[in-house]
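What follows is one structure encoded as structure tokens, with my remarks underneath.
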């Protein structure tokens, strides 16, 4: 009996520490706030790349469009549809950030 209690207590503690689900809208708001605070228009190309790296986002850069595309995958969803948050950060012809647009995308079968 005491062993079961210990097992249940341990399970309860693990469940409390587990990552709480968030909505894709909450993550979009999070990224919009962070971008506004840390990556204003006029930031250099190096500052954009450092921001994306520092925040652990998958990203790529297109020379042709001079745009950084980044993604935070699987922020919410179900077994059928998964939602991710994307950032699109175009640079001017002189390599200065124009703006970062935050949006979400759903993927599924």
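Laboratory data are not the source of any read-out in this text; all were calculated from the coordinates shown. Keep in mind it's a predicted model, so treat the numbers as computed, not measured. As a convention, Cβ positions derive from the backbone with ideal geometry for all residues, glycine included, and neighbour counts pool all protein chains shown.
Summary of computed values
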quantity	calculated
Chain lengthening between residue 38 and residue 65 when straightened (0.36 nm per residue, less Cα-Cα)	7.4 nm
Packing-based ranking, highest mean first, of 82-89, 22-29 given that Cβ atoms within 10 Å are counted	82-89, 22-29
Length released on extending from residue 81 to residue 96, taking residue separation times 0.36 nm less the Cα-Cα span	1.8 nm
Pairwise label distance in nanometres, residue 53 with residue 25, each label 7 Å out on the Cα-Cβ vector	3.6
